[in-house]
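Written below as structure tokens is the structure these notes are about.
The numbers here are math on the coordinates, done by the rules we state, and not lab data. Just so it is clear, the model here is predicted, and its values are computed rather than measured. Every residue, glycine as well, gets a Cβ built from its backbone with ideal geometry; the counts of neighbours run over all protein chains shown.
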Amino acid sequence: MAMLSAMINSLICFHPQFMTLEDNEAFEEAAARLISKVRTIAAYSLSHVPRLPFIYPDPKLKYVANFLHMMFSQPV
């Protein structure tokens, strides 16, 4: 959990345009990007500790299926 929160806090370095959100549309875009990145960061955090290989997101899968794929799949 500490790794996840640290990575979320460091995301502002990659998207500085989200420091000033002027309208609801910009806020919704920032929230969607954050939610999308959380699954990848969580899957990487789980795989990093026991030195398991990192599984990249599959753009063909929906959110939950993609999250489970990244968390528990084995590379071919």
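Across the chain, how large is the tail of the calculated P(r) beyond 15 Å, expressed as a percent of all Cα pairs? It works out to 60 percent of all Cα pairs.
Treating only the Cβ of Lys, Arg, Asp and Glu as charged (+1, +1, -1, -1), what charge dipole size does the chain show about its Cα centre? Round to the nearest 20 debye.
Details: 6 positive and 6 negative charges, 107 e Å.
Result for the chain is approximately 520 debye, rounded to the nearest 20.
Taking 0.36 nm per residue of separation and subtracting the Cα-Cα distance, what length does fully extending His15 through Ala2 add?
Net length gain for the segment: 2.6 nm.
Between the Cα long axis of helix 63-72 and the first principal axis of the chain there is an angle of about 40°, rounded to the nearest 10.
With each label modelled as a point 7 angstrom along the Cα→C-beta vector, the Asp23-Lys37 pair spans 2.3 nm. Take every Cα pair under 8 Å whose residues are at least 6 apart in sequence, average their separation, divide by the length of the chain, and the relative contact order is 26 percent. Rounded to the nearest 10 degrees, the angle from helix 24-48 to the longest Cα principal axis of the chain is 20 degrees.
For the chain, the 222 nm mean residue ellipticity estimated from helices alone, with every DSSP H stretch of n ≥ 4 adding -39500 (n - 2.57) and the total spread over all residues, rounds to -19000 deg cm²/dmol.
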